1. Taking 7 Å along the Cα-to-C-beta vector as the label spot, tell me the residue 87-residue 188 distance in nanometres, rounded to one decimal.
2. Give me the percent relative contact order of the chain, please, defined on Cα pairs under 8 angstrom at least 6 residues apart.
3. Where the convex hull is taken over the Cα atoms of the chain, what is its projected area averaged over directions, in nm²?
4. How much of the accessible area of the chain, in percent, comes from carbon and sulfur atoms when a 1.4 Å probe is used?
5. Which helices count as membrane-span-like in the chain under these terms: full DSSP H, at least 24 Å along the axis by C-alpha, Kyte-Doolittle mean of 0.5 or more?
6. Which of the lysines could be linked to residue 130 by a straight reach, that is with a Cα gap under 16 Å, when you skip same-chain ones fewer than 8 residues away?
7. Find the accessible area per residue for segment 135-208; the probe is 1.4 Å, ligands and nucleic acids are left out, and the unit is Å².
8. Can you give the Rg to Rh ratio for segment 153-219, taking only C-alpha atoms and Rh from Kirkwood?
Amino acid sequence: MLSLSLPDALALALFLAAWIGYSILIEKTAHGARSLNSLMHVYRDQWMKELLAREVRIVDSQVTAALQNGTAFFASTSLIAIGGALTLLRASDEIVHVMGMLPFAVPNTAEMWQAKIVGLSVIFVYAFFKFAWSYRLFNYLAIMVGAAPPHTQKDSEAARIFAHRGARLCEDAGKQFNRGQRAFFFALGYLGWFLGPIELALTTIGVVIVMWRRQFASISRLAFEADGGKPD
């Protein structure tokens, strides 16, 4: 029966706490409402309003197709990652031997290695479901774009309802996509565990810092400030 050492258990607990805590911070708190992800929700509303005002909606169809293609790429990548991770299970003994020869790696048993691989596979499976659902939602959005009221009725009640529904659907699709990407980032942090619990803790903290900076302190985020992020 597999049993985790205290350092491994603490590092894994830190990993899970960081993932859950960061997700709550981004999606549920007032601080998260100032993130780059949240700021884009305003432009989804604006997009739906501009769509209704356009007589020809080729641009909107192209934007929707680009969103679908990007999501499909990540969904396919998730499947490849799942296959690659599961393939490693077939060579557990050989890989454990090679890893044991590295000066900075902690000893691993075949059972421990397999448990870590299964955990990595679970992360990629989670990411696939998020990307797949996001892709499906963008498909629904494409249907809505095709069924949008004509531009002559852009000020009608039906148009207002359409804009609200379209923006919320696009927002949810983006949220699912962001969760899938977040899983990819944390999968990179999880790789540190293959070297040891200290490495897992360090890579997890590093991933959180990188993601936090991109959402709150990157050049892209500063562009949404009142002065456009320009230096004085």
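The values are calculated or read from the model by the stated rules, or taken from the named source; none is laboratory data. Keep in mind it's a predicted model, so treat the numbers as computed, not measured. Positions of Cβ are generated from backbone atoms using ideal geometry, with glycine treated the same way; all protein chains shown enter the neighbour counts. Please note that ligands, DNA and RNA were not included when accessible areas were found on the heavy atoms of the full protein model with its side chains. Shrake-Rupley method; radii C 1.70, N 1.55, O 1.52, S 1.80 Å.
1. The answer from the label model is 2.2 nm.
2. 29
3. Approximately 16.4 nm², given one-decimal rounding.
4. 67
5. 6-28, 58-88, 110-146, 197-216
6. 175
7. Result: 46 Å² per residue.
8. Over the Cα atoms of segment 153-219, Rg/Rh equals 1.31.
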